[in-house]
Ligand SMILES: Cc1ncc(COP(=O)(O)O)c(C=O)c1O
């Protein structure tokens, strides 16, 4: 944070969101509003581009290394294990295209997942002749022990090359037992790819301790950065694990020499980098990188564990308000299954889309993914908002009933 900065971030304070219009923004699982520091850094970057054109890119390029170090800090990795990509979807597509597939390889995905973590594997199955198996994510929420046992027995009896799963399910907010799943994968010789966009920034994660092989995450939800920037983490030695099928001009060693260092340097045979940043194959969003770094600075300063605890306290108060109104809470009863999301199903006769619209008109912003009413507060939300949220919920539900 610069010395002239607005205010220091503080759990439960919206001081860094002075223009946020609503009373309670409970939709970080869809998209975060930009904090003043995020906006300031993006403006600073934009101003530089307006003044200097390419000169601004040359000045901002080193920022990417710093950004990767900060991402690595958040997930317990090294900066060199990170590649910047335009979206979670793009990162997963790239991984799906770059696996050294053999015909008939089995890939396990989960129904109930956001399509981002299904479509690329479906396409890869079609392209490479893979055997795509769909298990049920919801079983983990209703009976994690049984779901894990059947996942393990599926891996043991029929094997798999790869498992693709979200760290947190987007509809229910259930935090999947990624550690245990990764261990089961490795016992069976499979790799695990984790979509962390519903987890990172709110759920503390460590890719090394969890033995995650690949993790992909976009910036605009719980990381609180802008759209258009995301990252892929790959465990060590990606060159032996991936084929560079998505390489582009910036994937080569010394890819820009021919633009900067005089004649005779335009070549097409420079090796593709063996580090995961070969996925950085074309021009990236510099302004997105600027915004994401400012967002990460705040998360790192506040600390993922403190943020998680703060949000649980908020949800601990919100959940009974909803249950009292006969909503069915899908929040995990076990602490390890909890995330920043509280999803509920409505009592009969209450239609969630209309309800969420009415809440929006009352200044309470939430989402309705696939018929679930989803609340997702983050570190700036204060429990003092809940009096208004409770009163409006009671009023709107009574009016519908
Ligand atoms: C679990 C999950 N993965 C991926 C996405 C999409 O990510 P992106 O837009 O960065 O591709 C979403 C939501 O938009 C999501 O909930």
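Laboratory data are not the source of any read-out in this text; all were calculated from the coordinates shown. Here the structure is a predicted model, which means the values were calculated and not measured. Please note: Cβ atoms are built from the backbone with ideal geometry, for glycine as well, and neighbour counts cover all protein chains shown.
The stretch between residue 301 and residue 30, if pulled fully straight at 0.36 nm per residue, gains 95.3 nm over its current Cα-Cα span. Which parts of region 257-291 would a label at residue 49 reach, counting a residue when its backbone N lies under 15 Å from a point 7 Å out along Cα-to-Cβ? Answer for region 257-291: 283-291.
For the chain, the C-alpha radius of gyration sits at 1.03 times the compact-globule guess of 2.2 N^0.38 Å, with N the residue count. Between region 116-138 and region 165-229, the alpha-carbon centres lie 17 Å apart. For the pair residue 274 and residue 384, the difference between a 0.36 nm per residue extended length and the Cα-Cα distance amounts to 34.5 nm. What the Cβ-Cβ distance of residue 245 and residue 142 gives, at R0 = 30 Å and to the nearest 0.05, is a FRET efficiency of 0.20. Annotation for region 43-83 versus region 243-257: alpha-carbon center distance of 19 Å. Which part of region 268-285 falls in the paramagnetic zone of residue 57, meaning amide N under 16 Å from the point 7 Å along Cα-to-beta-carbon? Correct set: 280-285. Within the chain, antiparallel bridges make up roughly 45 percent of the DSSP beta bridges whose residues both belong there. Relative protection proxy for 312-321, 370-379, from highest mean packing down: 370-379, 312-321 (other beta-carbon atoms within 10 angstrom).
Take the Cβ atoms of residue 399 and residue 15, set R0 to 41 Å, and the FRET efficiency comes out at 0.75. Placing pseudo-labels 7 Å out from each Cα toward the beta carbon at residue 317 and residue 353 gives an inter-label distance of 3.3 nm. At an R0 of 22 angstrom, the distance between the Cβ atoms of residue 66 and residue 253 translates into a FRET efficiency of 0.50. Considering helices alone, the calculated mean residue ellipticity of the chain at 222 nm is -12000 deg cm²/dmol, with DSSP H runs of length four and up weighted by -39500 (n - 2.57) and normalised per residue. A full extension of the chain between residue 103 and residue 149 corresponds to an added length of 13.8 nm, given 0.36 nm per residue minus the alpha carbon distance.
With the highest mean first, a sort of the peptides 75-87, 285-297 on other beta-carbon atoms found within 10 angstrom per residue produces 285-297, 75-87.
Peptides 209-219, 190-200 ranked from most to least packed, by the mean per-residue count of other Cβ atoms within 10 Å: 190-200, 209-219.
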